[in-house]
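Single-structure report; data block below.
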Amino acid sequence: MTTASADPNDWWRSAVVYQIYPRSFADHDGDGTGDVRGIIDHLPHLATLGVDALWVSPWYPSPMADGGYDISDYCAIAPEFGTLADAEELVARAHEAGLRVLLDLVPNHTSDAHPLFQRALAGGPDAPERELFHFRPGRGDGSEPPTNWVAMFGGSAWTRVTEPDGTPGPWYLGLFTPEQPDWNWENPAVAEMFDDVLRFWFDRGIDGFRIDVADSMVKDMSFPDLPIDPRTGVATLEKIVGGPLRDRPEVEHIHRRWRAVADSYDPPRVFVSEAWLTPAPRLAKFVAPGRLHTTFNFDHLNCAWDRDSLRGVINATEKAYAEVGAPSTWVLSNHDTPRVASRYGKAVTGRMFDADGNVTDSRVGPGGWQAMLELPTDLALGRRRARAAALLELALPGGAYVYQGDELGLDEVEDLPDEARQDPTFARTNHEIWGRDGCRVPLPWSGTEPPFGFGPGTGQPWLPQPARWTGQTVADQEADPTSHLALYRALLAERRSDPALRGPDFAWVDDAPETVLAFTRGDAFACWVNFGPDAVELPAAYAVVLASEPLTDGRLGADQAVWLRLSRPGR
Ligand code: ISL
């Protein structure tokens, strides 16, 4: 049997990484916004939970046009989040608690408040800083955008500038919002600047970076128009994978350059790539030798709660990553996607995949998650499945991600008042797409009413918490051995104690009932998940180590999962 690597530098191969969205994790100073000291205050929660690392979403100075992904200074901490000294203290305290720390690198774009972009604007047509961005003349008399590209969060991907003398000027590219101009990676100065950003943080002891839109830095510099998506009537960037903007072969050079910087440190630093590419082989090349270390497996996140679809995704993932010698990863949600407990309680729970891991329908549909969000939610069902999904995720080989609040089984806050919504998508789509605020509502820590201990006192957080979270705080769940939190803690403790769960061994159990997804890890561990409506018998040779919920008559019911250990040989 192959067990987990003994090399401590290989920690990332089987790590469970907890995502912190700093605005919404914990507020130490009481201004309604989470902060670095709030993270420090709650490090014991993460250590007790049993994760291996944390990834902190951007905490840099930002006008917050895109929740912090519009960065005006890559080497500082936003004043509302704290100071560089706080960040250094967090890294040191996390390391003392046995937790590694990953930060978020956003290399595709910056903020329009970045000093270099400001100089590009203020310096007029000949400003050398314009070469750092994609400034292009408009079409026709200059008043039409250079291409028909539509930005990720709505509207044109091009914004026309006004020159310092008041005349209309060229257009600049921003694939996300106008407040996020894209860097021009054809310019070597951009690559050098990002090397310095990596070193700045690596020198402060961080263990690695999550890389935002790791597939999009390189553009087709002939700037062709995109075909119109017949479903939406626009040239939506997200829907057209590949082409002039995503997954261009030259991104490999950038990945390799970063890898060399990471490898020059002792211990070597690591990267996880964020790129919504499918199917698995397309993404797995990002983690070929000499490139990045791991990549979020968004096919897993996108996949419906469906036995055959999940089996197809798992098979395709295992095969594609084994071919490049990289570990798989598993991810159920993040700060961009609806909460898993809500998603799994809807009539459409995600996309369907075939046995080779290819998407076979697009039931999530145009408009991204919106069509799904508008479906009614059976939250009890969603939570039951979310518990089973945690057993599945944490039993699969490779790394896993836990988004803050998923360990509490939090639901998507779909009923936020319009005036509270801050995601740029909402305003830029005429309120048609709610956007991502519903999964970013500040965490409930204690107490019986908002702010649920998010901050000191009774001041309310930057997004309102629903009163229905009463009883779901960390404190409530710590006191309840049947809670979602108690389940996560037990799963992570078991995963830590069993080397087979951290090693690469994986095999399907082919004689399990047809509604069940069942697999072994090593010689003695098995995970069974029942997707069917009827309870099934469990294999007699195994004892239940952990169950997503109490079993009835020892049988595995609908939407339940178990971790099993061989109790006597010869099934
Ligand atoms: O969220 C998605 C699909 O549900 C993705 O398409 C996602 O928007 C895209 O991969 C980029 O996301 C990342 O970069 C954005 C930022 O708004 C997101 O929060 C971040 O995760 C721009 O920086």
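The values are calculated or read from the model by the stated rules, or taken from the named source; none is laboratory data. Computed from a predicted model, the values in this text were never measured in an experiment. In this analysis, Cβ positions are derived from the backbone assuming ideal geometry, glycine residues included, and neighbour counts consider all displayed protein chains.
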Can you name the residue in the stretch 81-96 that is closer than 19 Å to Ala26 by Cβ and of a type outside the set (A, V, I, L, M) and is also nearest to the ligand (Cβ to nearest atom) among such residues? Phe81
Which of the following residues is within 15 Å of the ligand (Cβ to nearest atom), surrounded by 14 or more Cβ atoms within 10 Å (Cβ to Cβ), hydrophobic (A, V, I, L, M, F, W, C) and not in a loop (DSSP other than H, G, I, E, B): Phe209, Phe153, Phe176? Phe209
Being crowded, with 19+ Cβ neighbours inside 10 Å, within 16 Å of the ligand (Cβ to nearest atom) and assigned to a helix (DSSP H, G or I), is that true of even one residue in the stretch 101-110? no
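Quick grid of which residues meet (1) surrounded by fewer than 23 Cβ atoms within 10 Å (Cβ to Cβ); (2) closer than 25 Å to Glu514 by Cβ; (3) out of contact with any Pro (no Cβ under 9 Å at 6 or more places or on another chain); (4) among the hydrophobic types (A, V, I, L, M, F, W, C):
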| position | (1), (2), (3), (4) |
| --- | --- |
| Ile314 | no, yes, yes, yes |
| Lys319 | yes, yes, no, no |
| Ala322 | yes, no, no, yes |
| Gly325 | yes, no, no, no |
| Asn358 | yes, yes, no, no |
Consider Leu492 carefully, then state whether it is assigned to a helix (DSSP H, G or I), at negative phi and not charged (D, E, K, R). yes
For the stretch 70-80 the number of residues that are within 16 Å of the ligand (Cβ to nearest atom) and either of a type in the set (S, T, N, Q) or under 23 Å from Gly455 (Cβ atoms) (or both) is 2
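Within the stretch 123-132, is even one residue in contact with a Leu (Cβ under 8 Å, 6 or more places away or on another chain), assigned to a loop (DSSP other than H, G, I, E, B) and within 16 Å of the ligand (Cβ to nearest atom)? Spell out the reasoning first.
Here is the first cut: in the stretch 123-132, the ones in contact with a Leu (Cβ under 8 Å, 6 or more places away or on another chain) are 127, 129, 132.
Retained after the next criterion (residues that are assigned to a loop (DSSP other than H, G, I, E, B)): 127.
From what is left, the residues that are within 16 Å of the ligand (Cβ to nearest atom) are none.
No, the stretch 123-132 contains no residue that is in contact with a Leu (Cβ under 8 Å, 6 or more places away or on another chain), assigned to a loop (DSSP other than H, G, I, E, B) and within 16 Å of the ligand (Cβ to nearest atom).
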Total residues in the stretch 72-95, condition in contact with a helix residue (DSSP H, G or I) (Cβ under 7 Å, 6 or more places away or on another chain) and closer than 12 Å to Ile40 by Cβ: 8
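Which residues, counting only those in the stretch 524-545, are closer than 16 Å to Leu501 by Cα and surrounded by fewer than 20 Cβ atoms within 10 Å (Cβ to Cβ)?
Ala524, Val544, Val545
Which count do you get for residues in the stretch 231-241 that are modelled with pLDDT of 60 or more and either in a loop (DSSP other than H, G, I, E, B) or within 20 Å of Ser273 (Cβ to Cβ) (or both)?
At the first step, the residues of the stretch 231-241 found to be modelled with pLDDT of 60 or more are 231-237.
Cutting the leftovers down to either in a loop (DSSP other than H, G, I, E, B) or within 20 Å of Ser273 (Cβ to Cβ) (or both) gives us 231-234, 237.
Of the residues in the stretch 231-241, 5 are modelled with pLDDT of 60 or more and either in a loop (DSSP other than H, G, I, E, B) or within 20 Å of Ser273 (Cβ to Cβ) (or both).
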Is it fair to say Pro146 is within 16 Å of the ligand (Cβ to nearest atom), part of a loop (DSSP other than H, G, I, E, B) and out of contact with any Asp or Glu (no Cβ under 6 Å at 6 or more places or on another chain)? no
Picking from Ala122, Ala87, Ala92, which residue would you name as being modelled with pLDDT of 95 or more, under 25 Å from the mean Cα position of the chain (by Cα) and surrounded by fewer than 22 Cβ atoms within 10 Å (Cβ to Cβ)? Ala92
Contacts under 6 angstrom Cβ, first residue in the stretch 359-384 being at pLDDT below 95, partner charged (D, E, K, R) and within 12 Å of the ligand (Cβ to nearest atom), 6 or more apart: Val359/Arg351; Val364/Arg351
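So in the stretch 452-465, with the set limited to residues that are touching a residue at least 40 places away in the same chain (Cβ under 8 Å) and more than 16 Å from Pro417 (Cα to Cα), which one is surrounded by the most Cβ atoms within 10 Å (Cβ to Cβ)?
First, pick out the residues of the stretch 452-465 that are touching a residue at least 40 places away in the same chain (Cβ under 8 Å): 454-457, 459-465.
Pick out the ones that are also more than 16 Å from Pro417 (Cα to Cα) and you get 454-457, 459.
On the way: Phe454: 28, Gly455: 23, Pro456: 11, Gly457: 8, Gly459: 13.
This residue is Phe454.
If you take the residues in the stretch 263-284 that are outside any loop (DSSP other than H, G, I, E, B) and surrounded by fewer than 20 Cβ atoms within 10 Å (Cβ to Cβ), which one is nearest to the ligand (Cβ to nearest atom)? Full working, then the answer.
Of the stretch 263-284, the ones outside any loop (DSSP other than H, G, I, E, B) are 263, 270-273, 280-284.
Okay, now just the ones that are also surrounded by fewer than 20 Cβ atoms within 10 Å (Cβ to Cβ), so 263, 281-282.
Values: Asp263: 25, Pro281: 19, Arg282: 14 Å.
It comes out as Arg282.
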Just the residues that are under 11 Å from Ala94 (Cβ atoms) and surrounded by fewer than 20 Cβ atoms within 10 Å (Cβ to Cβ), please, taken from the stretch 45-82. Ala47
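Return the total of residues in the stretch 156-173 being part of a strand (DSSP E or B) and farther than 19 Å from Asp126 by Cβ. Full working, then the answer.
Looking only at the stretch 156-173, we keep the residues that are part of a strand (DSSP E or B), and these are 156, 158-162, 168-173.
Narrowing further to those that are farther than 19 Å from Asp126 by Cβ: 156, 158-159, 173.
Total meeting the criteria: 4.
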Any idea which of Arg100, Arg160 is farther than 28 Å from Arg246 by Cα, in contact with a strand residue (DSSP E or B) (Cβ under 9 Å, 6 or more places away or on another chain) and charged (D, E, K, R)? Arg100
When you go through (1) within 15 Å of the ligand (Cβ to nearest atom); (2) of a type in the set (Ser, Thr, Tyr); (3) within 15 Å of the chain's Cα centre (by Cα) one by one for Thr294, which number turns out not to apply? (1)
Can you spot a residue in the stretch 209-218 that is at pLDDT 95 or above and farther than 29 Å from Asn148 by Cα? yes
Positions within the stretch 432-450 being more than 24 Å from Glu374 (Cα to Cα) and touching a residue at least 24 places away in the same chain (Cβ under 8 Å), in sequence order: Pro444, Trp445, Ser446, Gly447
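Of the residues Asn187, Asn148, which is within 28 Å of Glu250 (Cβ to Cβ) and out of contact with any strand residue (DSSP E or B) (no Cβ under 7 Å at 6 or more places or on another chain)?
Asn187
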Might you check whether a residue that is within 16 Å of the ligand (Cβ to nearest atom) and either over 17 Å from the mean Cα position of the chain (by Cα) or within 18 Å of Ala386 (Cβ to Cβ) (or both) occurs anywhere in the stretch 304-316? yes
Name the single residue, out of those in the stretch 179-206 being away from the ligand (no atom under 16 Å from the Cβ) and of a type in the set (D, E, K, R), that is nearest to Pro145 (Cα to Cα). Glu186
If we keep just the residues of the stretch 423-467 that are among the hydroxyl-bearing types (Ser, Thr, Tyr) and in a loop (DSSP other than H, G, I, E, B), which is nearest to the ligand (Cβ to nearest atom)? Thr429
